[in-house]
Amino acid sequence: MPPPIIVHGFFDNYAQAVGKIQKEIGNNFTVKFTKNNTNIFCKSKEQWTKVNKLLNEQQVEFHTYIPAEEKTHAFVLRGLDQRPTPKEIAEDLENNYNLLADKIYEMKGTARPLYLVVMDKNITIDKLEKHIRIVLYTKVQWERHQNNKLIVQCHRCQEWGHATSNCHANPKCLKCAGPHLTRECEHGHLNSPKCANCNGDHVANSTMCPIYIKKIEFINQLRQTKDTK
Ligand SMILES: [Zn+2]
Ligand SMILES: [Zn+2]
Ligand SMILES: [Zn+2]
């Protein structure tokens, strides 16, 4: 089943909203109310895409998650000190290994050139280490990319747990929690930041934020219970 679509709050006119969804995908959905949200569950990816589009057109505030089959793996590629362009790397991988990379970025702020290579989830580190040792006539090493934060944060509404590309909520500023995108903030460098998630006096991506800490503790608990099973 595709991930739920989380509508923020409740529809002003529930019957009308459900009618529109029904017109798109028939009865292939269920609704679950939580304290603050209306969650919509679709049966197939295709229906999920249609409801996403519909709600977006209706300017409904909502977010959702990346469907599992679209999740990608990211790897760090090192050894290419001649500093080729990402395009040259992509072409070499495609021509010599028949491997299509979704995206390749040169990583910033590293002493020697490192590249972040995003591929689909069927590509594993084992496969890369075994089969792709030479890129552009150069010996390379692969590593799994570690995100240093344990959960994603949305750069649009600042909530933890969903990615910006899946967010259709009203924007909130990282720095001042105001109703605008962070890049449109007029406060410049802010002496008294305000967190969009807890109203505390820190920027919303602070790892000191009690909301972030709570989420991390929850994730760690889940991991521990899994390990002891
Ligand atoms: Zn968001
Ligand atoms: Zn702002
Ligand atoms: Zn906070």
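The values are calculated or read from the model by the stated rules, or taken from the named source; none is laboratory data. Computed from a predicted structure; not experimentally measured. Here the Cβ is made from the backbone with ideal geometry for all residues, glycine too, and neighbour counts use every protein chain on show.
Computed quantities for the displayed model
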{"quantity": "Hits in the range 1-47 - residues which are crowded, with 16+ Cβ neighbours inside 10 Å, within 24 Å of the chain's Cα centre (by Cα) and assigned to a helix (DSSP H, G or I)", "calculated": "Gln47"}
{"quantity": "Top-ranked residue of the range 201-218 - restricted to ones that are touching a strand residue (DSSP E or B) at 6+ places or on another chain (Cβ under 8 Å) and within 16 Å of ligand 2 (Cβ to nearest atom), ranked as nearest to His180 (Cα to Cα)", "calculated": "Ala204"}
{"quantity": "Breaking point among (1) β-branched (Val, Ile, Thr); (2) more than 27 Å from Leu100 (Cβ to Cβ); (3) modelled with pLDDT under 95, for Thr38", "calculated": "(3)"}
{"quantity": "Failed item in (1) in contact (Cβ under 8 Å) with a residue 12 or more places away in the chain; (2) among the charged types (D, E, K, R); (3) surrounded by fewer than 14 Cβ atoms within 10 Å (Cβ to Cβ), with Lys194 passing the rest", "calculated": "(3)"}
{"quantity": "Residue list for the range 113-140, filter: exposed (fewer than 12 other Cβ atoms within 10 Å of the Cβ) and either touching a Cys at 6+ places or on another chain (Cβ under 7 Å) or under 30 Å from Ile216 (Cβ atoms) (or both)", "calculated": "Lys121, Asn122, Asp126"}
{"quantity": "Residues that are over 20 Å from the mean Cα position of the chain (by Cα) and either charged (D, E, K, R) or within 16 Å of ligand 1 (Cβ to nearest atom) (or both), drawn from the range 181-194", "calculated": "Glu184, Glu186, Lys194"}
{"quantity": "Options Asp120, Asp102: the member that is touching a residue at least 40 places away in the same chain (Cβ under 8 Å) and more than 16 Å from ligand 1 (Cβ to nearest atom)", "calculated": "Asp120"}
{"quantity": "Cβ pairs under 6 Å, 6+ apart, first in the range 75-87 and over 8 Å from Tyr115 (Cβ atoms), second among the charged types (D, E, K, R)", "calculated": "Gly79/Lys139; Asp81/Arg112"}
